[in-house]
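This report concerns only the one structure given below.
Please treat every number below as a calculation from the coordinates, not as lab data. From a predicted model like this one, the values you see are computed outputs, not experimental measurements. Every residue, glycine among them, receives a Cβ derived from its backbone with ideal geometry; neighbour counts consider all protein chains shown.
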C-alpha cells in the first residue's frame with residue numbers, strides 16, 4: 001500500500017494521461033489514492049468518452065436494425081438495446097459470454113458522462129445556454145424512455161358495434177375466470193381468459209367506419225365513434241377516435257389499432273404511460289437550445305466579415 | 001470579356017427551351033393535347049388520361065415513350081392505340097422481361113432481346129398465369145427472383161388486358177354502332193323485362209334476349225375496365241364516377257345512357273379510322289360538357305397534364321447539370337463570365353424546380369413530401385436552396401457547383417423512383433395526416449439535404465485538395481467553415497425530425513420510440529452529426545477530418561433513406577427494390593473511395609505542397 005502511494009504521488013503528472021477513461025494501466029493503481037478518483041472523474045467527464053459512447057451506440061443501432069430481419073423488432077431490441085451486455089454463446093459450452101457493451105450500459109455511461117461534463121467543464125453563461133438546454137433536454141428524453149419502459153402498460157379493448165365495455169384486456173397475460181352454472185348443487189365453470197382490468201367508466205361502440213379510396217382497396221381512414229360514460233363524474237358524451245387522433249382520458253390513451261368481423265369490430269390499443277409528456281418537453285427544449293446555439297455561432301462567425309469588406 | 005451578354009443569351013435560350021411545351025400548335029390529326037387532359041378516376045383519385053398512360057406504359061415497358069418505326073410514340077398515343085386498335089397494339093414489343101428463367105418459360109433465350117409483344121406472349125398466357133398463381137401462394141419473404149419476376153409479368157399482362165377493355169370491349173369492331181343498337185333496344189327491352197318480372201306472358205321475348213346479350217358484355221366490361229371514365233351526370237363526388245361497364249349496366253335501370261359513353265366510343269372509332277376531324281369534334285363537345293358538369297375535375301386534370309408535359313423536374317435536372325459544368329469550366333478559363341452564367345442557370349433551374357414542387361403541392365393538396373419519389377425531389381430542392389444561401393455568404397463558386405451536383409443527383413434519383421408509375425398516389429390511412437407530413441417528414445428530409453450538401457462540399461475539399469491548389473487561403477478557410485455550418489443546420493433538422501417522428505408514433509399508436517428500422521436510420525444520422533461536431537469541438541479532428549467525416553455522413557444518410565426500405569420490415573418499408581440496391585452499393589463504394597483518398601492520400605495533396613512552398 002505504501003509503495004503504491006509513493007509511486008502515485010512521486011510522478012503524478014505524467015501518469016494522468018495513462019488513466020484515461022478511468023482505467024488504470026500501470027502499477028500506480030490504488031482505490032485509496034485521491035488522485036486516482038480525480039482521474040476517474042476526468043475520464044468520466046471527458047469528450048473522448050462521449051465520442052466512444054456515441055460510436056458504440058451507432059454500432060448497436062446498426063446491429064439492432066440488421067438483426068430485426070431474423071429476431072423481429074422486440075427480440076433485436078432486447079438483445080442489443082435493452083441489455084447491459086450483448087452476449088454470444090461460447091463455442092462447445094452452454095455459457096453465454098458478454099462480447100459487446102449493450103445499449104443500456106452505453107446509455108448509462110453517456111448520461112453519467114453528460115452530467116459529469118456539465119459539472120466539470122461547461123460554464124454557466126449565456127454563451128453556453130443553448131448547450132445547457134440541449135443536454136438537459138437529452139437527459140429528459142432518455143429519462144422519459146427509461147420511465148416508459150418501467151411504467152407504461154399496454155392493453156387492448158376489442159369492442160363490437162353496439163357493445164358496452166368497462167374493462168380492458170392484456171393479451172399477453174391470462175387469468176382464471178370462475179362462473180356459476182345452473183344445475184343441481186353448485187357447479188362452477190373455469191375458463192382461461194386474458195387478464196382484465198376494470199375501468200371506472202364505460203365505452204359503447206356506436207359505429208366503426210372503414211373508408212377506402214373509391215375504386216380501390218387502399219384504406220383512407222379508420223374511425224370509431226364511441227359513447228363515453230362516467231357516472232361518478234357525470235360524463236356522458238360522444239368521442240370520435242381515428243387514425244392519429246387518440247382519446248386521452250383518465251390517464252389512459254385509446255388508439256385506433258385494428259378491426260375485424262367485416263368492419264363491425266374495432267380494436268383499440270390502450271396505453272397507460274404517465275411519462276408521455278416528457279418527450280414533448282424534451283423536444284421543445286432541445287430544438288430551442290440548438291437553434292439558440294447555432295444562431296449565436298452563426299452571427300459570431302459572420303460579424304467580422306461585415307466589418308472587413 | 002464582359003459577362004453580361006453571355007448570361008443574358010443563356011437566360012433567353014433556356015427560357016425559350018422551357019416554354020416550348022406550353023405553346024399549342026394546330027395539326028390536322030387528332031387533338032391529343034385535348035384528349036390527354038380528359039379526367040378519369042384511377043387508383044382513388046381524379047387524374048388526366050395522360051397520367052394513366054404514362055404510369056401504365058412505365059409499368060409495362062419501364063419507359064414513358066415507345067420506339068416505333070423510326071420515331072418515338074408518346075404514352076398517350078400508345079394507350080389510345082391500345083384501346084382503339086388492339087390488334088395493332090398487340091404487335092408492339094412493350095413487355096420487358098429480364099429474368100432468364102421467365103424467358104426460359106417463354107421458350108426464349110437472352111439473345112432474343114428483352115422486349116416482347118403481347119402477340120408473342122399470348123400462346124404462353126396459360127403457363128404464365130399458372131406459375132403466377134403458384135408464386136402468389138408463397139409468402140413474400142420466401143419468394144425467389146423467378147417468383148417475383150413471374151408475378152410481375154402476370155400483373156403487367158393483366159393490366160394490359162384491362163386497359164384494352166377500358167372504353168369498349170377489345171374484340172368489338174364497331175362499339176359506337178353497337179351502342180346505338182343497344183339504345184334502340186333499351187326501351188322495349190326494359191318494358192319486356194318489367195312485364196316478365198310481374199308474371200305477364202305477352203312480353204317481347206326477342207327484345208329481352210337482346211338486352212341479355214348486351215348485359216353479359218357490359219358485365220365483362222365492368223369487371224375488366226382499368227379506370228372509371230364516366231363522370232356522374234349529377235353532383236361532383238368522386239365516388240360517383242363509374243367505369244363504362246357499370247355506367248351501361250346502370251343505364252338498364254334508369255333507361256338513360258350517359259353521353260360520355262358515346263363520346264368515348266365515337267372518339268376511339270374516329271381514331272381508328274384516322275379521322276382527325278370528327279375525333280376533334282366529338283372531343284370538343286365532350287370537353288364543353290365537362291366544363292359545365294365537372295368544372296373542378298376538368299381543371300385539375302388539365303393542370304396535371306400541363307405539369308406532365310412541361311416536366312419541370314427533368315428540365316431542372318438538366319439546368320443543374322449545365323450549371324455544374326459551367327462552374328467547373330469557369331475554374332479553368334474565364335472565371336467571371338462563366339461563373340456568373342452558371343449562377344444564372346442554377347437560379348433558373350431552381351425556379352423551375354420550385355414551380356414543379358408548388359404545382360405538385362397544389363395538385364395533391366398536400367405538403368411537398370408524400371412518398372419516396374417526392375422526398376428525392378424535396379431533398380434536392382432544399383439542398384440547392386441551402387447551397388445558394390452558402391454561396392451568398394462565401395462567394396467562392398464551390399457552393400454553386402455542389403448545389404448543382406446535389407440538385408442534379410437527387411433529381412436523377414427521383415427520375416428513377418417513378419418506377420411504380422403514378423407519383424401522386426393516394427396516401428394510406430396511417431400516413432394520411434397533413435400535419436405530420438408537413439412537420440416530421442419535411443424536417444427529416446431537410447436534415448437529409450443538409451447532410452448531402454455537407455458531404456458534397458467535403459468532396460470539393462478532398463478532391464480539390466488532392467488535385468488542385470485551389471483549396472487555399474480564403475477558400476481553404478471558408479470551405480471547412482461552410483461544411484461545419486451546414487452540418488450544424490442538418491443536425492438541428494435531423495434531430496427535430498426524429499423526435500417529431502417519435503411524437504407522431506406516440507399520437508398514432510401510443511409509443512414514442514419503437515426502434516423501427518426507419519427510426520433507427522434517422523437516429524444514426526443524428527448520432528453521426530453529433531459525433532462529428534463533438535469531435536470538432538474537442539479538437540480531435542481539424543479541417544480534413546471534418547471533410548472525411550462529412551463524406552461518411554453521405555453514406556449514413558443514403559443508407560437511412562433507402563437501405564432501410566430494403567430490409568423489408570417495419571412500418572416504414574416500401575418493398576424490396578433490386579435495382580436500387582445496386583445503385584446504393586455503387587454510391588456507398590464511391591463515397592468510401594473518397595474517404596480513403598481523404599485519409600491516406602495526404603502526401604500527394606497538391607494544395608498542401610503549395611501551402612508549404614508559400615511558407
Taking 20 °C and 1.002 mPa s as the conditions, I'd like the Stokes-Einstein D for the protein assembly as shown in µm²/s, using the Kirkwood hydrodynamic radius from alpha carbon pairs. 65 µm²/s
Full-extension gain in nm, residue B:336 to residue B:9, via 0.36 nm per residue minus C-alpha separation: 116.2 nm
Inter-centroid distance (Cα atoms) of the range B:337-373 relative to the range B:428-474, Å: 16 Å
For residue B:146 paired with residue A:166, estimate the spin-label separation in nm (one decimal), with each label point 7 Å from Cα along the Cα-to-Cβ line. 6.3 nm
Quick one: order B:518, B:111, B:184 by neighbouring beta-carbon count within 10 Å, fewest to most. B:111, B:184, B:518
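Would you mind getting me the FRET efficiency between residue B:586 and residue B:134? Use the beta-carbon distance for r and R0 = 41 Å, nearest 0.05.
0.75
Based on the alpha-carbon gyration tensor of the range A:153-272 and its eigenvalue square roots a ≥ b ≥ c, which shape applies: rounded if a/c is under 1.5, prolate if not and a/b is larger than b/c, or oblate? Walk me through the numbers before you get to the answer.
Numbers: a/c = 2.08, a/b = 1.60, b/c = 1.30.
Because a/c hits 1.5 or more and a/b exceeds b/c, the range A:153-272 counts as prolate.
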Return the whole-Å distance between the Cα centroid of the range A:185-221 and the Cα centroid of the range B:488-540. 36 Å
Ratio of Rg to Rh over the range B:228-297 (Cα coordinates, Kirkwood Rh, two decimals): 0.99
What spacing in nm lies between the two simple spin-label points modelled at residue B:463 and residue B:541, each 7 Å away from Cα in the Cβ direction? 1.9 nm
So for chain B, averaging the separation of alpha carbon pairs under 8 Å that are six or more residues apart and normalising by length, what relative contact order in percent results? 12 percent
Peptide-level mean, for B:484-492, of C-beta atoms on other protein chains within 10 Å: 3
At 222 nm, what helix-only mean residue ellipticity would chain B give, in deg cm²/dmol to the nearest 500, using -39500 (n - 2.57) for each DSSP H run of four or more? -22500 deg cm²/dmol
Gyration tensor verdict on the range B:42-164 (Cα atoms; rounded if a/c is under 1.5, prolate if a/b is larger than b/c, oblate otherwise): oblate
Going by how many other beta carbons lie within 10 Å of each one, how would you line up B:562, A:292, B:220, fewest first? B:220, A:292, B:562
FRET efficiency (residue B:158, residue A:212; Cβ distance; R0 22 Å; to 0.05) is 0.60
Please report how far the C-alpha centroid of the range A:231-257 lies from that of the range A:118-137, rounded to the nearest whole angstrom. 40 Å
Summarise the partner chain shielding of B:238-249 as one whole number: the mean count of Cβ atoms from other chains within 10 Å of each residue's Cβ. 1
Over 33 Å [Cα-Cα, chain B], rounded percent: 56 percent
Simple spin-label model, 7 Å along Cα-to-Cβ: residue A:281 to residue A:177 in nm? 4.0 nm
Across peptide A:60-66, what mean number of C-beta atoms from other chains lies inside 10 Å of a residue's C-beta? 5
Debye sum, Cα scatterers, the range B:175-294, no solvent: what log₁₀ I/I(0) at q = 0.11, 0.14, 0.17 1/Å? -0.43, -0.67, -0.91
For the range B:347-436, what does the alpha-carbon gyration tensor say about shape, rounded, prolate or oblate, given a ≥ b ≥ c as the root eigenvalues, a/c under 1.5 as rounded, and a/b over b/c as prolate? prolate
Based on the Cβ-Cβ distance from residue A:95 to residue A:196, what FRET efficiency comes out when R0 is 35 Å, to the nearest 0.05? 0.30
Where does each of B:138, B:257, B:556 land when they are ranked from fewest to most other beta-carbon atoms within 10 angstrom? B:138, B:257, B:556
